[in-house]
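As structure tokens, the structure follows; a few thoughts come after it.
The values are calculated or read from the model by the stated rules, or taken from the named source; none is laboratory data. Because the structure is a prediction, the values reported are computed rather than measured. Reconstructed Cβ throughout: ideal geometry from the backbone, glycine too, with neighbour counts over all protein chains shown. Side chains are part of the model used for accessible areas, which takes the heavy atoms of the whole protein and leaves out ligands, DNA and RNA. Shrake-Rupley method; radii C 1.70, N 1.55, O 1.52, S 1.80 Å.
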Amino acid sequence: MAMPECATTGEKVWYVVFRLICAAIFLFLVGPLLVIIPLSFNAEPYFTFTPEMLSFDPAGFSLRWYDDFFTSDAWQTAVKNSIIVAIASTILATVLGTIAALGLSSRYMPYKDVIMAILISPMIVPLIISAAAMFFFFSRFQLTQTYIGVILAHTALGIPFVVITVTATLSGFDHSLTRASASLGANPVQTFFKVVLPLVTPGVISGALFAFITSFDEVVVVLFIAGPEQTTLPIQMWAGIREEISPTILAAATLLVVLSIALLTTLEFLRRRSARMRGIEE
């Protein structure tokens, strides 16, 4: 927004200072990415910028670490495990979270605040506590070191995001539409799929994307629940830092950054679409 001509000197100073503060915060947040991404193209097996890179010599840059990432059995197995776990847990979290949000949106639901607090508790409780609790609980049912255990653990972490996004979408929902649907002869199932679901779809998809990102990036819970066969991409990166220092980790991190940016861009698009559907101008 342009500075108004009638602004006072103090307002003009604050206009400039505020933007400098925002720029500084932005650089602070993206600073690590500005280091990791160029280093992933390092031709040498170092975690520092070589003289060739600093002088922009083409000989200092290489795709060898990306080639290692896509050709290594260990890395590709980790990627496959991450995709399987993330997709399965996202589907479960989306279905369960949407059902919970619909129930909480009902005016007849008792103890809404208590139920909401329980549902979003995985976001509040420190992950190390949640991971330890899941480990002792799942071990009683022989679910540790299994894909099912890892998927259920990630589902529990993803449900709060779905509940929050769908609940926020339902906050502007006109419940008279469901009554009108019922008056026209539609049963509850038909009303849900033909009236409710199309209107809350942006919130459902947003929650699903958040659940997917949470699952794909999770480390702490997997360290407690997973076994050697369930090694995910973040765990492979963790093991690589501890056992074998290789710039392949930087290539994997760069690819995760690109994936996150793509998903967050999709989320912003869905947010704007949802706002337009609710008649909110930006």
Top-ranked residue in segment 68-101 [being of a type in the set (Ser, Thr, Tyr) and over 20 Å from residue 210 (Cβ atoms); ranked as nearest to the chain's Cα centre (by Cα)]
77
Restricting segment 102-125 to residues that are under 19 Å from the mean Cα position of the chain (by Cα) and either open to solvent by less than 70 Å² (accessible area, probe 1.4 Å) or acidic (Asp, Glu) (or both), the one nearest to residue 222 (Cα to Cα) turns out to be 122
Pairs needed: first member in segment 167-178, over 14 Å from residue 204 (Cβ atoms); second member anywhere, assigned to a helix (DSSP H, G or I) and among the hydroxyl-bearing types (Ser, Thr, Tyr); C-beta distance under 8 Å; at least 6 residues apart or different chains.
178/191
Has segment 55-65 got at least one residue that is surrounded by 12 or more Cβ atoms within 10 Å (Cβ to Cβ) and in contact (Cβ under 8 Å) with a residue 40 or more places away in the chain?
yes
Among (1) over 30 Å from residue 145 (Cα atoms); (2) open to solvent by 80 Å² or more (accessible area, probe 1.4 Å), which single condition is residue 73 missing?
(1)
I'd like to verify a number: residues in segment 186-219 that are surrounded by fewer than 20 Cβ atoms within 10 Å (Cβ to Cβ) and of a type outside the set (A, V, I, L, M), how many?
10
Can we say residue 139 is farther than 20 Å from residue 95 by Cα and in a helix (DSSP H, G or I)?
yes
List, please: which pairs have Cβ atoms under 7 Å, are six or more places apart or on different chains, and start with a residue in segment 4-30 that is basic (Lys, Arg) and end with one that is modelled with pLDDT under 85 and open to solvent by less than 100 Å² (accessible area, probe 1.4 Å)?
12/3
Could you please let me know if residue 156 is under 21 Å from residue 82 (Cα atoms) and modelled with pLDDT of 90 or more?
yes
Kindly provide the set of residues from segment 220-230 that are touching a helix residue (DSSP H, G or I) at 6+ places or on another chain (Cβ under 6 Å) and either open to solvent by 40 Å² or more (accessible area, probe 1.4 Å) or part of a helix (DSSP H, G or I) (or both), ordered by number.
220, 221, 222, 224, 225, 230
Scan segment 179-197 for residues that are among the aliphatic types (A, V, I, L, M), closer than 18 Å to residue 104 by Cβ and without any contact (Cβ under 8 Å) to a residue 40 or more places away in the chain and jot them down.
197
Can you confirm whether residue 145 is touching a residue at least 12 places away in the same chain (Cβ under 8 Å), open to solvent by 60 Å² or more (accessible area, probe 1.4 Å) and over 20 Å from the mean Cα position of the chain (by Cα)?
yes
So residue 239 fits all but one of (1) over 30 Å from residue 45 (Cα atoms); (2) without any contact (Cβ under 8 Å) to a residue 24 or more places away in the chain; (3) aliphatic (A, V, I, L, M); what number is the exception?
(1)
